[in-house]
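Written out below as structure tokens is the structure these notes cover.
Where a number appears in this text, it was derived from the coordinates with a stated rule and is not lab data. All values derive from a computational prediction rather than experimental measurement.
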Amino acid sequence: MTSEELNPGEILKLSGGYWETCTLHAGVKLEIFTIIGNDHLRSKEVAEKLNGDKRGVEMLLNALSAMDFLKKKDDIYSNTPLSSAFLSKDSSRYIGHIVMHHHNLIDSWSRLDVAVQSGRSVRHSASHSDGEQRENFLMGMLNLAMNLAPVLVPKVDLSGRRHLLDLGGGPGTYAIHFCMHNPRLKATVYDLPTTRPFAEKTISKFDLQDRVDFKNVNYLEEKIEGIYDVAWLSHILHGEGPEDCRKIIGKAVSAMEPGGMILIHDFILNNNMDGPLFPALFSLNMLLGTQVGQSYSEKQIRGMLSDAGVSEIRRIFFESPNDSGIITGIV
């Protein structure tokens, strides 16, 4: 490419991309898509339902229309199929909680330079604190898992397995789907006490109280009780440093029957640590929010499993919107 062909357009588009991000976040936070629902509303009507300023609301509606999240005809706005499916609270596929979790992270991302220079977290917890932020995090994980689990679960053969340990399982979404896919399987979700109300609500929603239970535990500090023949560790390693990851895997392995299966589900980097893009960016997210967390490569995870005595280690590939993957082995 010659110097005449060089164009800063892509750089500028990326640099200002947060304008669109903030517009989407405002639409979700103000429940624009839920308010419109299946209706066709004028900007004045939306403003009245929001108790908001008509000028400001109309500007937001126009921007959301320009982003193809709304359809506009004359002064009448309606949802698109995409926004109806994923951004209206009336949809079972709603992902607004994870959108709001991303919104809670914006301040720390604006200080990425500080975190890089200091090597230290700059974020007050946006996932483990009480209240709205904790709810957005947990329900966001539920939103994502509800969309991914139906694709992921059939890829994992648990036939003949009887008791699944879901370590750090949050609302228990994967445990629920594994049990629904394997009628003879039961599961135990281990997570923090603040997670219990969300997990019990989710388990009850699927009427699986007799097959999925919840135990309050800090899995880094406390013992894992019981014996299991399959362990599911989904998106928990990236929050810890290598030493604690080995500790977690060791605890899971120690709770397994001989021949038990362990499954690591996470955002997995290539062995050169420079891709795929989402796991690489997520590693920066862990720099911002944890003291030692990071994304790990397939080689690193394989090594942790091997050091814990796990054999027959292999990768399970599946289609994922964020490049998550599964590495499994036998104890």
Practice task
Pick out the long, greasy-scoring helices in the chain: whole DSSP H runs spanning 15 Å or more along their own axis by Cα, mean Kyte-Doolittle at least 0.0.
Solution key: 54-66, 132-152, 277-289
Exercise for the section: Excluding residues on the same chain fewer than 8 positions from Lys71, give the lysines whose Cα lies under 25 Å from its Cα. Expected result: Lys13, Lys29, Lys44, Lys49, Lys54, Lys89
Completion exercise
Note on region 9-93: contact order normalised by length, alpha-carbon pairs under 8 Å, 6 or more apart, percent, works out to 31 percent
Practice task
Can you tell me the alpha carbon radius of gyration of region 44-120 divided by the globular rule-of-thumb value 2.2 N^0.38 Å?
Solution key: 1.46
Fill in the blank from the handout: Among Leu138, Leu167, Leu208, the residue with the largest mean-square fluctuation in a Gaussian network model of the chain built from Cα contacts under 10 Å is Leu208
Handout entry: Length added when fully stretched, Glu319-Asn272, from 0.36 nm per residue minus Cα-Cα
Key = 14.8 nm
Handout entry: Estimated [θ] at 222 nm from DSSP helical runs (n ≥ 4, -39500 (n - 2.57)) normalised by residues in the chain, nearest 500
Key = -13500 deg cm²/dmol
Practice task
Could you check which residue among Asn271, Asn51, Asn79 shows the biggest mean-square fluctuation in a GNM of the chain with a 10 Å Cα cutoff?
Solution key: Asn51
Fill in the blank from the handout: Straight-line reach check, Lys186, cutoff 24 Å on alpha carbons, 8 or more apart in-chain or any other chain, hits among lysines -> Lys155, Lys201, Lys205, Lys215, Lys223, Lys251
Practice task
Quick one: give the max-minus-min coordinate of the C-alpha atoms of region 9-93 along each principal axis, largest first, in Å.
Solution key: 38, 31, 23
Problem - Orientation-averaged projected area, Cα convex hull of the chain (nm²) - result: 20.4 nm²
Problem - Debye log10 I(q)/I(0) at q = 0.17 Å⁻¹ for region 60-202, Cα point scatterers - result: -1.04
Practice task
Taking every Cα atom in region 263-331, find the radius of gyration and the maximum pairwise distance Dmax, and write them in Å.
Solution key: 12.2, 35
